[in-house]
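**Student:** Got a structure here, written out as structure tokens. Questions coming.
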There are 4 protein chains.
Amino acid sequence: MEAGRNFGETIDLNGDLGEGFGNWRAGDDAAMLAVVSSANIACGFHAGDPHIMRRTVEECLKRNVAVGAHPGLPDRLGFGRREMAVSPQETEDFVLYQTGALLAITAASGGRLAHVKPHGALYHMAARRPDIAAAVARAVYRLDPGLMLFAPPRSELERAGLDLGLRVVVEGFADRGYMSNGELAPRGTPGAEIDGEDEALRQALALAGRGTVRTVEGGEISLRAETICVHGDRPQSAKLAASLRRGLEAAGFRIASPASVGS
Amino acid sequence: MEAGRNFGETIDLNGDLGEGFGNWRAGDDAAMLAVVSSANIACGFHAGDPHIMRRTVEECLKRNVAVGAHPGLPDRLGFGRREMAVSPQETEDFVLYQTGALLAITAASGGRLAHVKPHGALYHMAARRPDIAAAVARAVYRLDPGLMLFAPPRSELERAGLDLGLRVVVEGFADRGYMSNGELAPRGTPGAEIDGEDEALRQALALAGRGTVRTVEGGEISLRAETICVHGDRPQSAKLAASLRRGLEAAGFRIASPASVGS
Amino acid sequence: MEAGRNFGETIDLNGDLGEGFGNWRAGDDAAMLAVVSSANIACGFHAGDPHIMRRTVEECLKRNVAVGAHPGLPDRLGFGRREMAVSPQETEDFVLYQTGALLAITAASGGRLAHVKPHGALYHMAARRPDIAAAVARAVYRLDPGLMLFAPPRSELERAGLDLGLRVVVEGFADRGYMSNGELAPRGTPGAEIDGEDEALRQALALAGRGTVRTVEGGEISLRAETICVHGDRPQSAKLAASLRRGLEAAGFRIASPASVGS
Amino acid sequence: MEAGRNFGETIDLNGDLGEGFGNWRAGDDAAMLAVVSSANIACGFHAGDPHIMRRTVEECLKRNVAVGAHPGLPDRLGFGRREMAVSPQETEDFVLYQTGALLAITAASGGRLAHVKPHGALYHMAARRPDIAAAVARAVYRLDPGLMLFAPPRSELERAGLDLGLRVVVEGFADRGYMSNGELAPRGTPGAEIDGEDEALRQALALAGRGTVRTVEGGEISLRAETICVHGDRPQSAKLAASLRRGLEAAGFRIASPASVGS
């Protein structure tokens, strides 16, 4: 496609790992470990448990995948996908506890926590609401001001992270359509989901390279992504993620965590 | 009583704090904060939640009470008091996760975690079973080899901690009767519970001072305690704890965490 | 006050019971059992556990207090007081499961479940949202069309219950101020909370007797209550509830569950 | 094999269904619904949630599969497979609550609960300990004396059920080796697991037909099974279960719940 044009440029691929609980598993973690450069590891509230967390951290360290925390709302039954009327103080405590646990497990395993990306409803609430965004950013900052915060570009979460001096890594999606205001088109609307491997790769290359994206309305806007989110919770999605990685590498990108690059 | 005789000697008083959950409270934490020099803070499995943990840590730091982790079995309904058939690996992960969360919250609050004391059934299992003891000690060591481990004297947990080079702080009880083998007399047997303030103080002074204790059989054995466990979960117990502290101070003891003394 | 004027008229007093969990307790259940004619028993999601539920049912049957279910959102940490983005189908299943469990425990104890009153955020959502109200009413109806549904007067929940042919029992508050639209004045606004025993009794008598209530704006509106909610979660509230019962009895009311009266 | 020899005789095939939680699934429920005549449905403690329970009940009623409760210990993280030090009273309450919830959901869906089979560690504890067995049987009896209790032959659970006059249905395993005392050979010992389809069918036919089984020691003992347990939690196990059903039908057996036969 555009092989070699981006030689030496770096893009991060992040994916959710360790989303099982007890006897249950979710997603093909083995496949994802071969694709992503950054892992968002569930921390026990919406998914994950102490055993899965430790094992996933160990696997990431072995495979040189950057370890990140993926804290969620305390709603295992709803997988952290339902908004709840939580206060900023409650939110800060949720992120402190979960990220703190993973940070300590990672250190105890000989590694170092690299980033934090809120999960599900918490991610969406933090993107939109300044008070929730500030609570998330504050928890991250208090744990370690050197942690990176993954956030949607132009979101309240990005702003809150920058306000505290955190290194914010803006995230893009290869398989979702964007609107002209830079937000994702809601699922179910025309163009909201991108199925084809070629089209997804094209969008990833645009986000990572030129810093632009086509919108579902037909235009093009400036939008840069430093990390691309990939999914592994369905068989075809893990395959798509692997294909995306190959395509980005063929185009000259180096797939690496921002942690390995510096700010 | 024996006022002044132990001038300058140090004894630690430890108590369980933050044992509520959500809307529920357990114990008079405010009263206990005025009595203990070391707090064992519940970490979310048998009791405690992110909010209570953070607030209790903040209170301890304000009052200069040493912050310790009190990890338990994942059995909130049974308050961590029921033995469960957990493996050593599961045990290690439970302690890693819970202690790790509290360690991170304490650091984020400007403090430093001082010690770990397993709770309830986990404490009893670790006292008796070498494999569970080793799992607990290993988790503590991996999190921070500078953490102190609270353990019954002559227990498997003491041994496991010493084997790893941890600073083990042996614990005694002022309000429980001892048997000639150094173990606590089971509740319900004659002399198992000590009600009187005077008798409790006498036992505390013996454990902390001469390093001896009278047994329920009528003899006396060598048994040194570096920390005395006090309770605050009933109105009279918090009162008893306060009286014990006054008595120890009157006898010349300085009440302080071993953290403030060095090994 | 108006002693004897309401001779033979019946009013129900309902209160929340069994709101502990595991080792924790909430409220003075013993005091409440002497006051209420209908108990709303927590069913395990926001509070309550199988042991507390069985014991509370047994106590109610012994004291001739009508047994009701108090199902809540699956949020023990938030005590069911935080709204969550749950679907009507999820809501229906939550009420089916929790009320079903209590219904079966009550039958196994030789009694019969009398009513259902949603708890906390679920109560408020069901009062306001037709879809959630219909889901709650449908679950109640499917379990037993003879169950009574406690609901705020003029609410979506009342409407949904009546639509299915359920016996709806409208609920009033003695200790909360009403607005002219019949809704409770939000806590924190002037007149929202009624502290005095006399004033609370006056409001209860008006709601139960004439079917009117003074509003915080200064007027009076028609509002009939068939059951008055009393609280027992603080020492003074249990005392207030007892005083309210004495006042209603002195005014000639018989305190009894609607179950004992028929529709 | 022995086609037609057992013409008209009936054998039940039971399997665990609804063992997911929230977003997680376990086992191929669709495949199992085509094989079993009795479903053991998880009730929310070790697995299952209100939504999965309701949907699984509906599927069973549609497919004419008998609905049974599969109550477990309150240990979702351990999938109810770890023994816990629970009291008989606690055990009775656990079974009351869980089975009560499923009983009510089944009735609300237009069906009728047929049987109860304890899950995992609870099954093993009830098989061995008279006090736990009596607690389980008492809970079942109190809910509905017409419920059947599934139990290992010659176990304490069988005895406790018979003592209360319950209809006890004894269970056999086609894919596990038996010892000469009638108990299952512990996993990991020679002959403990039976892999071949032919051998499993042979054992099922012996258990269901002649009421005998070969032992791992090489002898044969009397052991009758009225229900055979099949598994669906791995791809090959669902296939094996289907093959077992075909074999039993070819040998003349009618596959049906004991509920459809009477005692």
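Bear in mind these aren't lab numbers, they're just calculated from the coordinates by the rules spelled out. What you are looking at is a predicted structure, and each value in this text was computed from that prediction instead of being measured. Glycine gets a Cβ as well: all are built from the backbone with ideal geometry, and neighbour counts include every protein chain shown.
**Student:** Students often get this wrong: which residues of segment B:66-82 have the backbone nitrogen under 12 Å from the point 7 angstrom along Cα-to-C-beta of residue B:128?
**Tutor:** B:82
**Student:** Sticking with this one: Just counting partner chain Cβ atoms within 10 Å, what average do the residues of peptide B:72-80 show around their Cβ?
**Tutor:** Per residue, the number of nearby Cβ atoms from other chains is 6 on average.
**Student:** Restricting to bridges with both residues inside the protein assembly as shown, how much of the DSSP beta-bridge set is antiparallel, in percent to the nearest 5?
**Tutor:** 20 percent
**Student:** Residue by residue through segment A:35-40, which ³J(HN,Hα) values in whole Hz follow from phi under the Karplus form 6.51 cos²θ - 1.76 cosθ + 1.60 (θ = phi - 60°), with glycine and proline marked x?
**Tutor:** 10, 7, 9, 9, 10, 9
**Student:** What is the distance in Å between the Cα centres of segment A:17-38 and segment C:67-106?
**Tutor:** The distance from the Cα centre of segment A:17-38 to that of segment C:67-106 comes to 32 Å.
**Student:** If you don't mind, another one. Near the amide H of residue D:17, under 5 Å away, which other amide H atoms are found, from residues 5 or more places off or on another chain, if H is placed in the peptide plane?
**Tutor:** D:40, D:41, D:42
**Student:** How far is residue B:25 from itself in the other copies, in nm, if each label sits 7 Å out from Cα along the Cα-Cβ line, shortest first?
**Tutor:** 1.5, 4.7, 4.8
**Student:** Sticking with this one: Under the definition of Cα pairs under 8 Å and six or more residues apart, what whole-number percent is the relative contact order of chain C?
**Tutor:** Across chain C, relative contact order equals 23 percent.
**Student:** Another question, then. What FRET efficiency, computed as 1/(1 + (r/R0)^6) with R0 = 35 Å and r the Cβ-Cβ distance, is obtained for residue B:260 and residue B:221, rounded to the nearest 0.05?
**Tutor:** Efficiency at R0 = 35 Å is approximately 0.75.
**Student:** Same structure again: Along the Cα→Cβ direction, 7 angstrom out, place labels at residue B:192 and residue C:163. What is the inter-label distance in nm?
**Tutor:** 5.9 nm
**Student:** Quick one: among B:227, B:106, B:189, which has the greatest mean-square fluctuation in a GNM of chain B with alpha-carbon springs under 10 angstrom?
**Tutor:** Maximum fluctuation in the GNM of chain B, among the listed residues, is at B:189.
**Student:** Also: In debye, nearest 20: dipole of segment D:10-261 around its Cα centre with unit charges on the Cβ of K, R (+) and D, E (-)?
**Tutor:** Approximately 380 debye in magnitude.
**Student:** Mean separation of Cα pairs under 8 Å and 6+ residues apart, divided by the residue count of segment B:34-174: what relative contact order is that in percent?
**Tutor:** Relative contact order, segment B:34-174: 21 percent.
**Student:** Give a residue-ordered list of calculated ³J(HN,Hα) values for segment D:83-97 (Karplus: 6.51 cos²θ - 1.76 cosθ + 1.60, θ = phi - 60°; whole Hz; x for Gly, Pro).
**Tutor:** 5, 10, 7, 9, 7, x, 5, 4, 4, 4, 5, 4, 6, 4, 5
**Student:** So if R0 is 60 Å, what FRET efficiency would residue C:83 and residue D:7 give, r being the distance between their Cβ atoms, rounded to the nearest 0.05?
**Tutor:** For residue C:83 and residue D:7, the calculated efficiency is 0.50.
**Student:** If you place +1 on the Cβ of every Lys and Arg, -1 on the Cβ of every Asp and Glu, and leave all else neutral, what size is the dipole of segment C:130-211 about its Cα centre, to the nearest 20 Debye?
**Tutor:** 340 debye
**Student:** Per the helix-only calculation at 222 nm, which mean residue ellipticity applies to chain D, given -39500 (n - 2.57) for every DSSP H run of n ≥ 4 and division by its residues, nearest 500 deg cm²/dmol?
**Tutor:** Result for chain D: -11500 deg cm²/dmol, rounded to the nearest 500.
**Student:** I've got another one for you. Could you give the size of the charge dipole of segment D:1-156 about its Cα centre, using +1 on the Cβ of each K and R and -1 on the Cβ of each D and E, expressed in debye and rounded to the nearest 20?
**Tutor:** 60 debye
**Student:** Considering every residue in D:21-30, what mean count of other chain Cβ atoms within 10 Å of its Cβ is obtained?
**Tutor:** For this peptide, the per-residue mean of nearby foreign Cβ atoms is 5.
**Student:** Show the residues, 5+ positions off or on another chain, whose built amide H is closer than 5 Å to the amide H of residue B:256.
**Tutor:** Placed amide hydrogens put B:11, B:12, B:13 under 5 Å from residue B:256.
**Student:** Among A:103, A:248, A:164, determine the one that fluctuates most according to a GNM of chain A built with springs between C-alpha atoms less than 10 Å apart.
**Tutor:** Of A:103, A:248, A:164, the most mobile in the Gaussian network model is A:164.
**Student:** Still on this structure, please answer the following. Once you put a point 7 Å from the Cα of residue B:25 and another 7 Å from the Cα of residue A:112, both along the Cβ direction, what distance in nm separates them?
**Tutor:** For the pair residue B:25/residue A:112, the computed spacing is 4.3 nm.
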